[in-house]
Structures are given as structure tokens and as C-alpha cells.
């Protein structure tokens, strides 16, 4: 790709993320046409900045002028695909932009020794971004799968903002859900969202480390478990096996575990990788996190207390839902620490 | 452009900047082949991070594997153009990455009221980047022009690191140069660079505001003046005219003024803009700075004490050297403040 295309594409990426954040992309999606001056006035925005961002989008074919006085923009040929994928751009720019800008620093062991790489990501924006692309590329598959399962109580391990269980609770009005997250901020946000949705009678949010769950009595009630995009955090392999065993013991009634993650893409084949893939792999390399391949997952599951009974691709590249069921009977804990919490 | 190309191009941009910063691009340029493990060991780098960055470059055709055990990389089809333009990527990612990531904030007047937009750029990295692309796209034209001029003393208004006058002093061993910069840090760096080059007898660096120069006696000795990429900082128009008048009075012996700047690109014509242009215009919009068009410059020069006698394009798009000569005689100051300093 010519250098100017690379350079301009990077700018387009920044401009997509910023105009998404400003609500412009949703406005254009909903209204089909936007009067730029009116949009700017309604939201009290700095005109030259907004206009320069839209100029970048116009050069990239994301928006198209249909009037000049006043300036009216409509969707350009690239708009639909950009709008559908805007969460990935927000993820890249606002979630990981700081880390990626300083990628050279992350190559320096002295820098790594004095910083927590995770502190250079923006968890709030990553959650907002994930809600967007998850809504397009994950939720429809999950809902289809969940509709085929019989259960009264579902548990979401690593529930984040509780967005997904709120959707499910609204869809399935006779069921209860438990959300678990290790991040206190996420738990607060999740509880507020559950209250705002009027679902406190059917959704409980717990603050706990999924990798080493404590013995909340609620856990024993769950019949279906979910986990989305958390699995690679369980690695290295042995730690992951232990976590899966601990979960098996803490969730004795669970008959179906929808365990979803993004795995490492196959080696270079010369084609252009899909959106997200290279970004996911680069940021996790910078954070020092191993991203397992699909085969590493399948191999691990062979040795786990959970048995793979189905595998469903998500709309996110190299991302599947592994439909797991418990192997019978519950095996004896391999090590003494399995049932103790707080390690 | 498909969404995945946009997304991957943004990652490539980050990876070009980071591998430039790590010295990898220069190493590959000089050595034609690089053993990745050896490079990593020599510089004590975090392997997974380096490898993930190079993986991104491989997908973009910037590097190409020619051996796998050990991994040997050579230049891919895009390498030469990327290497030549790497300064622009460093400028974008390290110079303005933080500002561009938070572009939505810059649209918010409340944010603008409480921050200095300039504080969100990284001046040090912008200087490093400018030295790189300036060496490719500016210096050859400047040297050709300077070779045609007769003078003993040249002055660089806004000399930054003094890189350009050090080059000129080395090229023209019988001439003296004065550098002027308003940034105390730049002056310190420039003086150190002049000393390191052994040129303290032929280069003087002054700390002064070019927009309102004081009456350093050295100014009266200069016969040729240069100014690179500073002119748009002189605007609005009336301020710029005043500055040009002040300079005319402070530099009475100057017969040639090589005044170089990047001007605003013409309106959208559907083509892909060249490298740098959109980035320059977007960042200056975010900083609230007007970037004049070529016609605005030509119109202003008509009213100025300097007369345009030649216009030479640089290798940077929409960037020219305006070759100015003084109109005779020196006009009477328009306002009383022209000769007073310190305003």
C-alpha cells in the first residue's frame, strides 16, 4: 500500500473513533443526512476541529457532501462498513492508542519492569467499544445458543458492565442471572445498570476473581455459565486448567458452559488479516499476555474437567464459542488449593 | 477502502514509528538483512513485543521473511517508500498521537478552555521527525538555492535543534550562521549540537521570539535569512504583516529571505491526498491554528515589505520556499511599536 494511503488510513482511524465518540456516526446512521453546522451548534463543538475530522472522513469515502451552503453530509460508500465496525476503531484508538503510540517503550525491559502494561489501556473505552462490536458480532450468536438451553439461573463470568446479562434478562423474562467481575469499577457500573434496567430482582452482581472464585452460595444455583473473551487471561496452560477445575467445583449445577474467546490467527498467508486480529495480537504481546491458538485451546480442553461438545464461530474473526459440558463425575481436586479461596 | 485495511494500516503506522524508534528500520536499510533474534539480543528487547511489531510490518509488505530458523527479515516491496517517509509516521504517532487519540476532547470548548492544545504535542519527537523528513525533502532544495546566493552571514529564524545551519556551515566553510529560537529547550539543544560539531566559532544561537525580535546586534550582520515551517504561526494576517515588517527592520542587510512553509491543500478533488497533508491540517485545526492557503500567502506578500521573487516547491506536498527580497527603501514603521521590543 502506498505510504500516503497508510498515513491517511491512520488518520481515518482516529477520525472514526473521534466522530463515534461525538455521536456523529450514530446521528448520520439514524438520520441519513446531517447538517454539520446544526450538529456543531446543538452540541456546542469547536467548529474547525469537527470540520477537519469530517474532512478526513470525506477523503476516505466515509461521508459525502451533498450540499455546501449549509454543508450537508450523507453516508459515503464506506459508511455502512465503518459504522458496523466502529467499535473496533474505538477499541484501537481510545482503548489502546496510548500503548500503541509508545510501543517502542514496551520493547524495553527496563520500562516493563517499572510499569504495569495494563495501566496503559483504557478499560472504560474498551468496555464501550466491546459493547458496540459485541452487539453486532457476538450477541446474535449467543442469543441463538441460549434459546436452545433449559435453565433457570445463568452466570456470566467476567460480566463487565452487565450489558450482556441485561440483554438476556430482558429477552428471557422468567430467568435469573448472576454477574461476576473482579474489577470493582465494573461491578459498580454493572449494579447501576441493573438497577436502571429495573432488574435487581432477577440479576445479582458479585465482586469476585473468576480465576479463583470464592464460595458465594449464589454460585451453586447457576445452571448455565458464560464467559466472554476472558479465557486467555487464565493462561499459562496449567493455571487455566486449574481455573477450569475450580469453576467446575464452584458451579456444581452448571450443565452448559458457553466459553468464548479470540484465539491466535494462523501464520501469515499473504492475505490482509480481518479487522481486529492484528490489533488484538499486538496489544497482548505488548502486555506480555499469551494468546493461545485454537489448537492450544482444543488440546487443553482434552485435559480439562469440561468437555467440548460444540464449537460455534462468532462474527469476530478467530473467535468461537466453545460449548462445554461437565465430564462426569466431578473429579477429585488435583491439588489441595483448589477449594481454598484468596490465593 | 475496506475496514480491515483501514484498521491494519493504522497498526502499520504505529509499527513503523515504533520500529523506527528502535533503530530497526535504519538497520534493515543499512544491512539489507536483519536476524531478528540477534537484533533483539544486541539491544536487549522484549521479544514478543518486537516480534508482534514486525509481524504487522510483514503483513503490510514492509518487511519479508527470508529465513525462519533463525528468522531473517529483508525489505518487502513497501520498504523503500516507508523508510524514506518514516519521519512522517514518527511525526504522526509520537508527535501527535496523544492529541489525535483524544480528538473528540478537542471538539469540546470546555476542554479547550482548560488546556493548552500545544501541551498535547511532543515537541522532541516532532523535532526528531522533522529532521528525518527534512533531510530527504527539504535540505537538498535549500542547499541548491543557498549555493546560488552571495553572503557571509546567514540567519535561521526558528532554528530548532540547529540541524539545518550545522549542515550548511559544514557545507560552506567560509560562512557564519546565526540561529534564533523562542524555545529555551531548543536553544540549549542547539548550542550543545553546535559545540559538538565544533562550530562555536561560526554559529551563534540566540534565544529570542522571532515574532517580535529584540535588537541583538548580531541581527544587523545577517545577509541571508531562512525560516522553515514557522510562517503559519505568524498569523492572523495582520500579525504576520507586522512580524515581517519587524524582521525587515531588525535584519537591514538581508538581501534574500528564504521563507518556507506548508500551506493549506486545495479543496477535496476525490483523489488520495499525499502523505502528511491531512495530518498537518487536522492537528492544526485541533490546536486552533489557521493554516493559510497559497493564495492567502501570495496576497499577504503583495502587502508586505518583502517581495516574492521566486517560488520553489519542496519535496513535502503543498510546501514551497518563497524566495523574498526586500522592497526598497525600508518603509517607515506603520505603527509606533514596530521598533520597540518585548511586547
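The values are calculated or read from the model by the stated rules, or taken from the named source; none is laboratory data. Fair warning: this is a prediction, and the values are worked out from it, not measured in the lab. Note that each Cβ is placed from the backbone with ideal geometry, even for glycine, and that neighbours are counted across all protein chains shown.
Tabulated results
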read-out	value
Subset tally (residues that are part of a loop (DSSP other than H, G, I, E, B), closer than 27 Å to residue A:51 by Cβ and in contact with a helix residue (DSSP H, G or I) (Cβ under 7 Å, 6 or more places away or on another chain)) for the range B:235-272	4
Qualifying residue in the range A:91-102 (condition: outside the structural domain of residue A:190 (by TED's automatic domain parsing) and over 24 Å from residue B:106 (Cβ atoms))	no
The range B:1-33: number of residues that are more than 8 Å from chain A (Cβ to nearest Cβ) and surrounded by fewer than 19 Cβ atoms within 10 Å (Cβ to Cβ)	8
Qualifying residue in the range A:254-264 (condition: within 22 Å of residue A:313 (Cβ to Cβ) and more than 23 Å from the chain's Cα centre (by Cα))	no
Residue that is at pLDDT 95 or above and either surrounded by fewer than 24 Cβ atoms within 10 Å (Cβ to Cβ) or part of a loop (DSSP other than H, G, I, E, B) (or both), where the choices are A:185, A:179, A:198	A:198
Verdict on residue B:282 being assigned to a strand (DSSP E or B) and touching a helix residue (DSSP H, G or I) at 6+ places or on another chain (Cβ under 6 Å)	no
Among residues of the range B:278-289, those that are touching a strand residue (DSSP E or B) at 6+ places or on another chain (Cβ under 8 Å) and either facing chain A (nearest Cβ under 9 Å) or closer than 22 Å to residue A:66 by Cβ (or both), counted	1
Residue within the range B:25-32 that is within 19 Å of residue B:274 (Cα to Cα) and within 26 Å of the chain's Cα centre (by Cα) present	no
Qualifying residue in the range B:39-54 (condition: away from chain A (no Cβ under 11 Å) and touching a residue at least 12 places away in the same chain (Cβ under 8 Å))	no
Among the candidates A:36, A:66, residue that is over 27 Å from residue A:276 (Cβ atoms) and either modelled with pLDDT of 95 or more or at the interface with chain B (Cβ under 9 Å from one of its Cβ atoms) (or both)	A:36
Which listed residue is more than 8 Å from every other protein chain (Cβ to nearest Cβ) and within 30 Å of residue A:288 (Cβ to Cβ), from A:76, A:87	A:87
The range B:68-86 - residue that is farther than 24 Å from residue A:267 by Cα and without any contact (Cβ under 8 Å) to a residue 60 or more places away in the chain and, of those, nearest to the chain's Cα centre (by Cα)	B:84
Yes/no for residue A:209 being surrounded by fewer than 17 Cβ atoms within 10 Å (Cβ to Cβ) and over 26 Å from residue A:243 (Cβ atoms)	no
Exclusive hit being over 18 Å from the mean Cα position of the chain (by Cα) and either within 14 Å of another protein chain (Cβ to nearest Cβ) or in contact (Cβ under 8 Å) with a residue 60 or more places away in the chain (or both), set B:201, B:238, B:215	B:215
Residues of the range A:106-130 satisfying the condition of being part of a helix (DSSP H, G or I) and over 29 Å from residue A:20 (Cα atoms)	A:109, A:110, A:111, A:112, A:113
Every residue from the range A:98-112 that is in contact (Cβ under 8 Å) with a residue 60 or more places away in the chain and within 7 Å of chain B (Cβ to nearest Cβ)	A:100, A:103, A:106, A:112
Single condition residue B:306 does not satisfy, out of (1) within 13 Å of chain A (Cβ to nearest Cβ); (2) touching a residue at least 24 places away in the same chain (Cβ under 8 Å); (3) over 22 Å from the mean Cα position of the chain (by Cα)	(1)
The one condition in (1) without any contact (Cβ under 8 Å) to a residue 12 or more places away in the chain; (2) touching a helix residue (DSSP H, G or I) at 6+ places or on another chain (Cβ under 7 Å); (3) under 19 Å from residue A:316 (Cα atoms) that residue A:146 fails to fulfil	(1)
Residue selected from the range A:248-277 under the condition in contact (Cβ under 8 Å) with a residue 40 or more places away in the chain and within 14 Å of chain B (Cβ to nearest Cβ), by the criterion farthest from residue A:218 (Cα to Cα)	A:273
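Here is a yes/no grid of residues against (1) within 30 Å of residue A:46 (Cα to Cα); (2) surrounded by fewer than 19 Cβ atoms within 10 Å (Cβ to Cβ):
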residue: B:57; (1), (2): no, no
residue: B:73; (1), (2): no, no
residue: B:76; (1), (2): no, yes
residue: B:81; (1), (2): no, yes
residue: B:87; (1), (2): yes, no
residue: B:95; (1), (2): yes, no
residue: B:125; (1), (2): yes, no
residue: B:130; (1), (2): yes, no
residue: B:134; (1), (2): no, no
